[in-house]
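In what follows, a structure is listed as C-alpha cells, so that the remarks can point back to it.
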Ligand code: NAD
Ligand code: IPM
Ligand code: MN
C-alpha cells in the first residue's frame, strides 16, 4: 500500500519521539512491502519562532492532502507568557478543528509486564482495559472567551457549549466501539451543575435508548469518576465524555499503566485523515536528555496503521514488539519501578529489533 504520512514533531521531546516512531513505520513498510512517504511540517512553538504562526497554512494543506498524521507534542516555557498574542497550543486546537477530528480515542491498556510498575496495587488494576472517547472539537475549549474591566474587577470568561449534533456523533461512535468490545458504555458529565452537561446527558440517553438498546449504559458524574478510575478501573469498558473532562481523566488514567509515556491516542472525524499522538505533552523538563519514553508515540503509530490505513496485522506487530521489549525488562526512566533503564533512542532500537512479520 502507498500512503502519505505527515509528521508534526513540534516542541520539547516531540522531535525525539516522532523520530523513533518514524523508524518503526519505515521498518513496517520494509517488512510488509508498503510504500510510506513522510513529510515533516511545522506546528507549535517552533513554528511561532520561524513564521509567527503556530499552524501555518502549508501545514494545514499538507495534513488535508495526507492519509494520516503523526504528531509529537507542542508547547513549552518559552511560549508560556500569558499575555503572548499566540500560543503553541492554539496550533494543535486549530488542526483538530480544521480536520473535523471530533473523536479522540484514548485506550487505557495495561501491559501485563507493567502491572507491578504502576503506583497502584496489582489487585486493583490487573485486567484494566478502558477505551475513552473524548469529544475534541467542542465544549469549553472552543467556547467564546474574553476579558473586560481592569484592576481587581478585571474579569475573564470562557463559555462551554455543546449542541445535540456534537453529542450524538461522539456517543454513537463510542457505542459502536462498545459493541465491538465488552458492550458497556459509561457517559461522564457534570449534569448536576452545568447546563451543557444536562443537554449531553439527555442526548446520550436518547441515542442509547433508540439506537443501542443492546449496549449496557450508565452515567457517572465527573468528580466521582476521578475516584472510581483509581479505585475500580476494571468496572469500565468504553467511556464517553466532553473535551475538558476527557483531557483530565485520561492523564489521571495514565497512572493505571504506570506512565503518561505509555498512552497513545487517535483523533478521528467522519472522513479524511486521522491524527495520531501520545496523550502527553512536550515534557520540557526532560527534553534533549534521552529520557523521553517513545512508546506512547510508537503505539500511536500502531493506531495510525489500524484506523487510517486498515493495516491490522502491521499494527499488531508493533504492539507485540512493544510487549516483548517490556517483557525483556527494558524501560525508560519514567516507568519508575523495576527493569533496566534505557534511553529514548535505545528504546526505539529495542522495539525495532523485536519487530517481526
Ligand atoms: P507533559 O505531559 O509534557 O509532562 C508531564 C510530566 O510527565 C513531566 O514530568 C514529563 O517529564 C512527564 N512525561 C510526559 N511525557 C513523557 C514521556 N514520553 N516520557 C517520559 N516522561 C514524560 O505536561 P506538562 O508538563 O504539563 O506540559 C508541558 C507542555 O506540553 C505545556 O506547554 C503543555 O501545554 C504541552 N502539552 C502538549 C500536549 C500536546 O501537544 N498534545 C499535551 C499536553 C501538554
Ligand atoms: C492534550 C493536550 C492539549 C489538550 C493541549 C496542549 C491543547 O493537553 O492533547 O491532551 O488540552 O487537548
Ligand atoms: Mn492533555
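Shape summary of segment 214-308, radius of gyration then Dmax from alpha carbon positions: 15.1, 50 Å. Ranked by the mean number of other Cβ atoms within 10 Å per residue, highest first, peptides 340-350, 20-30 order as 20-30, 340-350.
Annotation: the antiparallel percentage among DSSP beta bridges lying fully within segment 129-255 is about 20. Between residue 50 and residue 349, the modelled labels are 2.8 nm apart [label points 7 Å from Cα along Cα→Cβ].
Divide the volume of the convex hull around the Cα atoms of segment 252-357 by the residue count and you get 109 Å³ per residue. Neighbour counts of C-beta atoms inside 10 Å place 102, 133, 38 in the sequence 38, 102, 133, starting with the fewest.
Annotation for segment 305-355 versus segment 103-128: alpha-carbon center distance of 16 Å. With R₀ fixed at 35 Å, the C-beta to C-beta distance from residue 244 to residue 30 puts the FRET efficiency at about 0.25. Springs between Cα atoms under 10 Å define the GNM used for the chain, and in it the highest mean-square fluctuation of 75, 146, 100 occurs at 146.
With the chain treated as a Gaussian network of Cα nodes joined by springs under 10 Å, which of 192, 104, 324 yields the largest mean-square fluctuation? The residue with the greatest mean-square fluctuation here is 192.
When DSSP assigns beta bridges and you keep just the ones with both residues in the chain, what percent turn out antiparallel, to the nearest 5? Antiparallel bridges make up about 40 percent of those DSSP assigns within the chain. Note on residue 38 and residue 122: the model spin-label points, each 7 Å out from Cα along the C-beta direction, lie 3.8 nm apart.
Determine which residues of segment 312-335 fall in the zone a paramagnetic label at residue 109 would reach in this model, i.e. backbone nitrogen under 11 Å from the point 7 Å along Cα→Cβ. Taking a point 7 Å out along Cα→Cβ of residue 109, the residues of segment 312-335 whose backbone N falls under 11 Å are 315-323.
Here the label points at residue 86 and residue 58, each 7 Å from Cα along the C-beta direction, are separated by 1.4 nm in the simple model. Legend: ranking of residues 165, 134, 96 from fewest to most surrounding C-beta atoms inside 10 Å; resulting order 165, 96, 134. For segment 97-114, the residues whose amide N sits under 16 Å from a probe point set 7 Å from the Cα of residue 158 along the beta carbon direction are 97. The average projected area of segment 27-119, computed from the convex hull of its Cα atoms over all directions, is 9.6 nm². Value of Rg to Rh for the chain, rounded to two decimals, is 0.96; Kirkwood radius and Rg both from alpha-carbon coordinates. By the count of other C-beta atoms within 10 Å, a proxy for reagent exposure, 111, 32 are ordered fewest to most as 32, 111.
Taking Cα centroids, how far is segment 254-298 from segment 169-232 in Å? What the calculation gives is 25 Å, centre to centre. Rg/Rh for segment 129-255 stands at 1.03; both radii use Cα atoms, and Rh follows the Kirkwood definition.
Computed from the coordinates by the stated procedures, all read-outs in this text should not be read as laboratory data. Just so you know, these numbers come straight off a predicted model, no measurement behind them. Quick reminder, even Gly has a Cβ in these numbers, built from the backbone with ideal geometry, and neighbours come from all protein chains shown.
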